[in-house]
Amino acid sequence: MTTSSTKRVRLSQPAKDVLWSESGGHCQNPGCRVDLHAFVDQAHVAELAHIIPASTNGPRATEGADLTETERADPTNILVLCPTCHTMIDKGPSQYPAEILRRWKERSQQARAIAFGVPVFASRAEARAAIEPLLGANRAVFQLYGPLDDVFDDTRADQWSRHVVDTVIPNNRTLLRFLQSNRGFLTASEKETVDIFAIHVQQLEERHLEGTWTPGSTRFPEEIESIMKGDT
Ligand SMILES: [Zn+2]
């Protein structure tokens, strides 16, 4: 449904709670991440910024012209920002299109999950079940876009870089935390594999996030694919 109304739908308290917890109390701009708790007693410090605006004539309005009022007020359409970043994105909507803001939100959700979502499992089987989807997602990216010997394809390379940043690196971090927090379930040779994987993860991040890379990087250890499979 297309709406031309400028009436704002008020966010419910549960929706605000979801947003505050999702942000971890930090500005969701990954280049800022200022701690909003420090200002919690000042009114409106944790600003709720619409990705697609509440009204049909705000910043980025054309990117979501067919969204209903309710969809605009949904937590999935809202970022928690500090006042500086809120002003910055709304003054420069061409620099900060909806796609970028959605990625900020995703990265913030991933960061929270990595920081706090590390269970200690009751068994190897439980741990394996938790890491399998992460391994599967990374495998899919590698199969679709991973570098191939003797094939130079810019489109494939671009897709690879993007998916490494958006999927593989966050999944690797979670995998490592799961594996390291549940090290007691690993066999001696699995522990060695995890240590090699940790080096590979660090080097992949250096290459794709920091642009630093030297030849001779450690390749992904294939044994990770079957880690924690079966009883010891
Ligand atoms: Zn900020």
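Among the residues of segment 75-101 satisfying the criterion of being more than 16 Å from the ligand (Cβ to nearest atom) and more than 12 Å from H50 (Cβ to Cβ), which is nearest to the chain's Cα centre (by Cα)?
E99
It is to be established whether one or more residues within segment 212-225 are loosely packed, with under 12 Cβ neighbours inside 10 Å, at pLDDT below 95 and within 30 Å of F116 (Cβ to Cβ).
yes
Going through segment 12-31 one residue at a time, which ones are hydrophobic (A, V, I, L, M, F, W, C) and not in a loop (DSSP other than H, G, I, E, B)?
Start the filter on segment 12-31 by keeping residues that are hydrophobic (A, V, I, L, M, F, W, C), which leaves 15, 18-20, 27.
Of everything in segment 12-31, those that are hydrophobic (A, V, I, L, M, F, W, C) and not in a loop (DSSP other than H, G, I, E, B) turn out to be A15, V18, L19, W20.
So A38 ticks every box in (1) away from the ligand (no atom under 13 Å from the Cβ); (2) in a helix (DSSP H, G or I) but one. Which box is left unticked?
(1)
Return the residues of segment 91-111 that are outside any loop (DSSP other than H, G, I, E, B) and buried (at least 17 other Cβ atoms within 10 Å of the Cβ); say none if nothing qualifies. Full working, then the answer.
Taking segment 91-111 and keeping what is outside any loop (DSSP other than H, G, I, E, B), we get 91, 98-111.
Listed by number, the residues that qualify are A98, L101, W104, K105, S108, Q110, A111.
Taking the conditions exactly as written (outside the structural domain of G31 (by TED's automatic domain parsing), open to solvent by less than 80 Å² (accessible area, probe 1.4 Å) and not polar (S, T, N, Q)), does L134 satisfy them or not? Quick ask: steps written out before the conclusion?
Details: outside the structural domain of G31 (by TED's automatic domain parsing): yes; open to solvent by less than 80 Å² (accessible area, probe 1.4 Å): yes; not polar (S, T, N, Q): yes.
For L134, the condition - outside the structural domain of G31 (by TED's automatic domain parsing), open to solvent by less than 80 Å² (accessible area, probe 1.4 Å) and not polar (S, T, N, Q) - is met.
Please find, among W213, W160, the residue that is assigned to a helix (DSSP H, G or I), free of Cβ contacts under 8 Å to residues at least 24 places away in the same chain and of a type in the set (A, V, I, L, M, F, W, C).
W160
The values are calculated or read from the model by the stated rules, or taken from the named source; none is laboratory data. Being a predicted model, the structure only gives us computed values, none of them experimental. Here Cβ is always computed from backbone atoms with ideal geometry, including for glycine, and neighbour counts include all displayed protein chains. When the accessible area is computed, the model is the full protein with side chains, heavy atoms only, and any ligands, DNA or RNA have been set aside. Shrake-Rupley method; radii C 1.70, N 1.55, O 1.52, S 1.80 Å.
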